[in-house]
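One structure below.
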Amino acid sequence: MQRPVYFVYRERIGYRLLRRGMDVVIALAALVLLAPVLAAAAVAVLIDDGSPVLFRQRRVGRFERVFTIYKLRTMRHENCDDAYTTRGEGDPRVTRVGRWLRRLSIDEIPQLVNVLRGEMALVGPRPEMPFVVSRYESWQHVRHLVTPGITCIWQTRCRSTIPLDRPEATELDLEYIRRASPLTDGALLARTLGAVISARGAF
């Protein structure tokens, strides 16, 4: 059953420019500060399961443009093709090091490069894979009117309980789009930092 969308999205240019500027500044600073962590994690991945260190996957971004997302590889390389299926805590495909990288969200750090390239923002709906988007109902495509992000309402509220491809997750994305503002983005970044520190919802 199709769910109607009861709002018209109007992009605020000032907000978009401000957010882009903040994204670039924060992403650059974070990459510099986290470079030692990223280097140590890359070495750990190599020692634990060999190369490649990076996991690359096609995702759908703003206006449904497809781009390549980057993460540190947390699954055994022979299982990466099946990386969409999440089996929760104890997934045997996840490496020993990968389990820690996920718990601390270190595997997400390379996405800061996607932010610098303008393919992602710090805050926005999580980007999905093309085959998932191909199954969307028409109302779900509204989430592609904005730049996808590293974190979002779904990420901070229910990522371990509601799969990202569920309509309930899309409804949270639409909630973000309605409320998007510097204050909302700041609050979501603060919640994300708290979730990372406490490892809440990670697996």
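The values are calculated or read from the model by the stated rules, or taken from the named source; none is laboratory data. Predicted model only: the values in this text are computed from it and were never measured. Methodologically, a virtual Cβ is constructed for each residue, glycine included, from the backbone with ideal geometry; neighbour enumeration extends over all protein chains shown.
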* Within the range 67-91, can you find the residues that are over 18 Å from ILE47 (Cα atoms) and at pLDDT 60 or above? -> PHE67, THR68, ILE69, TYR70, GLU89, GLY90, ASP91
* **Subset of the range 12-71 (residues that are over 21 Å from the mean Cα position of the chain (by Cα) and charged (D, E, K, R))** => ARG12, ASP48, ASP49
* Can you pull out the residues in the range 15-69 that are within 15 Å of GLY149 (Cα to Cα), assigned to a helix (DSSP H, G or I) and not small (Gly, Ala, Ser)? -> ARG16, ARG19, ARG20, MET22, ASP23, VAL24, ILE26, ARG62, PHE63, GLU64
* So which residues in the range 34-46 are free of Cβ contacts under 8 Å to residues at least 24 places away in the same chain and of a type in the set (A, V, I, L, M), if there are any at all? -> ALA35, ALA39, ALA40, VAL43, LEU46
* Asked: What pairs can you find where one residue is in the range 103-115 and in contact (Cβ under 8 Å) with a residue 24 or more places away in the chain, the other is of a type in the set (Lys, Arg) and surrounded by fewer than 22 Cβ atoms within 10 Å (Cβ to Cβ), and their Cβ atoms are less than 6 Å apart, with a gap of 6+ or different chains?
  -> ASP107/LYS71; PRO110/LYS71
* Restricting the range 162-176 to residues that are free of Cβ contacts under 8 Å to residues at least 24 places away in the same chain and assigned to a loop (DSSP other than H, G, I, E, B), the residue that is farthest from ARG58 (Cα to Cα) -> ILE162
* For the range 134-157, enumerate the residues that are buried (at least 21 other Cβ atoms within 10 Å of the Cβ) and either over 14 Å from the mean Cα position of the chain (by Cα) or in contact (Cβ under 8 Å) with a residue 60 or more places away in the chain (or both). => GLN140, VAL146, THR147, PRO148
* Matching entry among GLU119, GLU175 (being buried (at least 21 other Cβ atoms within 10 Å of the Cβ) and out of contact with any Cys (no Cβ under 7 Å at 6 or more places or on another chain)) -> GLU119
